[in-house]
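Undergrad: A single structure is presented below for examination.
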Amino acid sequence: MSDDSFISFRVLDHFVNGFGLRWNIAERVQAFTNPLLILILSPFYYSYQNIVLWSFLSSFCFGLSALYFLRKMAISSAAFWIGIGFLFSSKSFVDYSYSGLENSLNYLIEAIFFYQYFKKKENTSESRLPSLVLLASLGLVSRIDFVLIFILPLCIALVQEWKQKKLDRVLLIRLLVCTSPAILWFLFSAVYYGSLLPNTYYSKTNVEDTLAHTLRQGFLYYFFESKWDSIVFLFLPTVLLIRSILKKKVTPLWAALAFSIPYLVYIVFVGGDFMAGRFFTYVILLFGIAFVRMENLGKREIYLLSSVLIIYNIALSSTPIHTIKQQAKLNPWLLGREEIADEKLWYYPATGLSWYKKNDSLLSNLAEKKPFFPPSPEKVFIKYNTGVIGFFLPTQYIIDIVALGDPLLARIKGKGRVGHKIRHLPLGYFESVGANENEIFDPNLKEYYDSIILLTRGNLFDPRRLGAFWEFQFGSKRKYVEPYAVDQEREKKMWADENRKKDQGINEI
């Protein structure tokens, strides 16, 4: 279970205990990107508050259900097992199947979507668009950028329906109804949070980096993936080559590659991510869907493709079939100059299911919500890694200097590692959140923060929020670009404490 998953789990814990969908109880901020997962887990977590159980169990159920739909899509048993062999050879696909993030849920949505898309219709007059739009709408609520996987197939389906003259008034109304999950979520977000997009969007896009630097980081993410999870870039060309030589149909493979283009381009333009492989998982599943749909697999082709997968898994100790120790031993891609991390190797000793009896495991603490550090009387903390720590400190206010859950800092430009852009702490901000009053030293930033307070802490139906909402979404307050006084002493103390605890391995806040 990754540290980032506990950002969502802290919100889930607040939600079921009556504090709302919030990161810090004091303010309405969407610090998470996966609303659908939180809403699905809510009734289960409300009945029994053990996040370890529900996270692992839900991931297993979502993943198993996704495999069921892959089997229904499969042209033959041989094609199915080659597709499954590819998916389970991919570290990216396997690692994020049970990371506590939304990936396994999205695997299921994606599998159902393409099952519906490729399914042969018995009734040719029946439109498949409503079900496809509904699934894409749910995918949008699950994670906004996930919808890019569905853009091209939806456009193709729409054009086909238009050519067949099926786009009548009744169908358009049905399509509008099927978009309701996304529409309702955006309406809720606008009213409740005062923002259409999650706070994480601003924290990760409001950066000092130039476009050239971002694109370079995006290509580095590809380069890292090619070494860390080589099967992703190796197997598809291999299958294309073999089937072309054998003069077999390759249409499903090219279709999967075409459908993945919007997401692959998106990866470059956002600079990739700090989590190795995470952004490639939905594309990898698309390739897996293509493989299970391969027609006319002969024995020679089956032997060749199976041999490639077997040799790959045996030759590389970092593949998922090997133990964690084997994967870590010869894996040189922990944290290089790209600052991209193998998330499983970072967090598995603390949150890996098969290591729950080890001394370093936090699973029992997380299951029982019992902190692994002594209590502290402090009510406000400044943190860099906020996930697990935040889950153990539900009532304390956490200033996240990476700004994933901070409405003010997210609007200030950040600098540093991709996905973890650090902000300087404004002078007086610490005192402001502690006293619930605006005590920021810089007058311009103080006035700016007053508007944020109105959006995130003011009365939901205060008429002034509408004007503030417009300014922060589309107007002059979308970003704060002016210089401001920095709380240097508090920053120095925070980093000194962080480095000391890191060097000494101290279990304290």
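Undergrad: Rounded to the nearest 10 degrees, what's the angle between the helix 443-457 long axis and the longest principal axis of the chain, both from Cα atoms, 0 to 90?
TA: Approximately 60 degrees, to the nearest ten.
Undergrad: Which ³J(HN,Hα) values in Hz, rounded to whole numbers, follow from the phi angles of the stretch 136-149 under the Karplus curve 6.51 cos²θ - 1.76 cosθ + 1.60, where θ = phi - 60° and Gly and Pro get x?
TA: Working through the residues one at a time gives 5, 5, 5, x, 5, 5, 5, 6, 4, 6, 4, 5, 4, 5 Hz.
Undergrad: Among 366-375, 303-312, what's the highest-first ranking by average C-beta atoms within 10 angstrom per residue? Before the final figure, lay out the partial values.
TA: Values: 366-375: 13.6, 303-312: 15.3.
Taking the mean over residues of other Cβ atoms within 10 Å, the ranking is 303-312, 366-375.
Undergrad: What list of ³J(HN,Hα) couplings, whole Hz, do you get for the stretch 342-357 from phi and the Karplus terms 6.51, -1.76, 1.60, once you set θ to phi - 60° and write x for glycine and proline?
TA: 7, 4, 5, 5, 6, 10, 4, x, 8, 10, x, 5, 6, 10, 5, 8
Undergrad: Measure nothing fancy, just the Cα-based angle from helix 299-315's long axis to the longest principal axis of the chain, in degrees from 0 to 90, nearest 10.
TA: 30
Undergrad: Can you list the residues, at least 5 places off or on another chain, whose amide H is less than 5 Å from the amide H of ILE399, using H built in the peptide plane?
TA: Result for ILE399 returns PHE381, ILE382, LYS383.
Undergrad: How many percent of the accessible area of the stretch 48-140 is carbon or sulfur, using a 1.4 Å probe?
TA: Working: 2330 of 3510 Å².
Whole-percent figure for carbon plus sulfur exposure: 66.
Undergrad: Could you pull the Cα extents of the stretch 363-425 along its three principal axes, largest to smallest, in whole Å?
TA: 37, 24, 16
Undergrad: Take the alpha carbon atoms of the chain, find their radius of gyration, then divide it by 2.2 N^0.38 Å using N residues; give the quotient. Write down the numbers at each step before the final one.
TA: Working: Rg = 24.0 Å, N = 509, 2.2 N^0.38 = 23.5 Å.
Output field value: 1.02.
Undergrad: Could you tally the net charge around ASN50, taking each other residue with its Cβ under 13 Å from the Cβ of ASN50, Lys/Arg +1 and Asp/Glu -1?
TA: Numbers: positive: LYS369, LYS370; negative: ASP13, GLU368.
Taking every other residue near ASN50 into account, the sum is 0.
Undergrad: Follow-up question, since we're still on this one. Which entries of LYS119/LYS163; LYS357/LYS421; LYS249/LYS299; LYS121/LYS163; LYS72/LYS248 show an alpha-carbon separation above 26 angstrom in the structure shown?
TA: Numbers: LYS119/LYS163 19 Å; LYS357/LYS421 35 Å; LYS249/LYS299 16 Å; LYS121/LYS163 17 Å; LYS72/LYS248 22 Å.
Going by Cα-Cα distance, LYS357/LYS421 fall outside the 26 Å limit.
Undergrad: At 1.4 Å probe size, with the rest of the protein present, what percent of the exposed accessible area of the stretch 372-506 is carbon and sulfur atoms? Don't jump to the answer; show the numbers that get you there.
TA: Working: 3740 of 6750 Å².
Here carbon and sulfur together make up 55 percent of the probe-accessible area.
Undergrad: Over its Cα atoms, what ratio of radius of gyration to 2.2 N^0.38 Å does the stretch 381-509 give?
TA: 1.12
Undergrad: Something else about it: Ignoring everything except DSSP H segments at least 4 long, calculate the 222 nm mean residue ellipticity for the chain; use -39,500 (n - 2.57) per segment, divide by total residues, nearest 500. Working shown, then result.
TA: Working: 24 runs with 295 residues, N = 509.
After summing the helix terms and dividing by residue count, I get -18000 deg cm²/dmol.
Undergrad: Pop a pseudo-label 7 angstrom from the Cα along the beta-carbon direction at both GLN49 and LEU184 and give the gap in nm to one decimal.
TA: So the two model labels end up 2.6 nm from each other.
Undergrad: Any chance you could run the full-extension gain for ILE156 through ILE314? It's 0.36 nm times the residue separation minus the Cα-Cα distance, nm to one decimal. Don't skip to the end; give the middle numbers.
TA: Working: separation 158, 0.36 × 158 = 56.88 nm, distance 4.04 nm.
Once the chain is fully extended between ILE156 and ILE314, it gains 52.8 nm.
Undergrad: Among LYS383/LYS479; LYS379/LYS493; LYS358/LYS379; LYS227/LYS247; LYS91/LYS120, which pairs are too far apart, with a Cα-Cα distance over 24 Å?
TA: Working: LYS383/LYS479 22 Å; LYS379/LYS493 17 Å; LYS358/LYS379 31 Å; LYS227/LYS247 31 Å; LYS91/LYS120 33 Å.
Going by Cα-Cα distance, LYS358/LYS379; LYS227/LYS247; LYS91/LYS120 fall outside the 24 Å limit.
Undergrad: What's the Cα-based Rg to Rh of the stretch 141-231, Rh via Kirkwood? All intermediate terms of the calculation are to be shown ahead of the outcome.
TA: Numbers: Rg = 19.0 Å, Rh = 17.1 Å.
We get a ratio of 1.11 for the stretch 141-231.
Undergrad: Can you give the accessible area per residue of the chain, in Å², using a 1.4 Å probe? Don't jump to the answer; show the numbers that get you there.
TA: Numbers: 23260 Å² over 509 residues.
On a per-residue basis, the chain sits at 46 Å².
Undergrad: May I ask for the net charge around ASP442, where only other residues with Cβ less than 13 Å from the Cβ of ASP442 are counted and Lys, Arg are +1 while Asp, Glu are -1? Numbers along the way, then the final one.
TA: Working: positive: LYS446; negative: GLU439, GLU447, ASP450, GLU482, ASP487.
Here the charged neighbours net out to -4.
Undergrad: With a 10 Å radius around each residue's Cβ, average the other Cβ atoms per peptide and rank 152-158, 291-297, 486-492, highest first.
TA: Details: 152-158: 15.7, 291-297: 20.6, 486-492: 14.0.
The peptides rank, most packed first, as 291-297, 152-158, 486-492.
Undergrad: Answer with one residue from VAL402, GLY416, TYR429: the one whose Cα lies farthest towards the positive end of the charge dipole of the stretch 386-438, charges on Cβ with Lys, Arg +1 and Asp, Glu -1.
TA: The residue sitting farthest along the positive end of the dipole is GLY416.
Undergrad: From the backbone phi of the stretch 18-35, what are the Karplus-calculated ³J(HN,Hα) couplings (6.51 cos²θ - 1.76 cosθ + 1.60, θ = phi - 60°) in whole Hz, Gly and Pro given as x?
TA: x, 9, x, 7, 10, 7, 9, 4, 6, 9, 8, 9, 8, 8, 10, 10, 10, x
Undergrad: Give, rounded to the nearest 20 debye, the magnitude of the charge dipole that the chain has about its Cα centre when Lys and Arg contribute +1 at Cβ and Asp and Glu contribute -1 at Cβ.
TA: Numbers: 56 positive and 44 negative charges, 394 e Å.
Magnitude of the dipole: close to 1900 debye.
Undergrad: Also, I was wondering about something else. Once you put a point 7 Å from the Cα of VAL265 and another 7 Å from the Cα of VAL481, both along the Cβ direction, what distance in nm separates them?
TA: Going from the VAL265 label point to the VAL481 one covers 2.7 nm.
Undergrad: Could you calculate the FRET efficiency of LYS166 with THR323 from 1/(1 + (r/R0)^6), where r is the beta carbon distance between them and R0 is 51 Å, rounded to 0.05?
TA: Numbers: r = 53 Å, r/R0 = 1.05.
Rounded to the nearest 0.05, the efficiency is 0.45.
Undergrad: Which net charge results for the neighbourhood of ILE422, defined as the other residues with beta-carbon distances under 11 angstrom from its beta-carbon, given Lys and Arg at +1 and Asp and Glu at -1? Could you put the intermediate results ahead of the total?
TA: On the way: positive: LYS413, LYS415, ARG417, LYS421, ARG423; negative: GLU208, ASP400, GLU491.
After counting each charged neighbour, the total is +2.
Undergrad: Still on this model: Can you order the peptides 161-168, 439-446, 318-325 by their average number of other Cβ atoms within 10 Å per residue, highest first?
TA: 439-446, 318-325, 161-168
The values are calculated or read from the model by the stated rules, or taken from the named source; none is laboratory data. Because the structure is predicted, anything quoted here is derived from the model rather than measured. Ideal geometry is used to build each Cβ from the backbone, glycine not excepted, and the neighbour counts take in all protein chains shown. Just the protein is used for accessible areas: all its heavy atoms, side chains included, with ligands, DNA and RNA removed. Shrake-Rupley method; radii C 1.70, N 1.55, O 1.52, S 1.80 Å.
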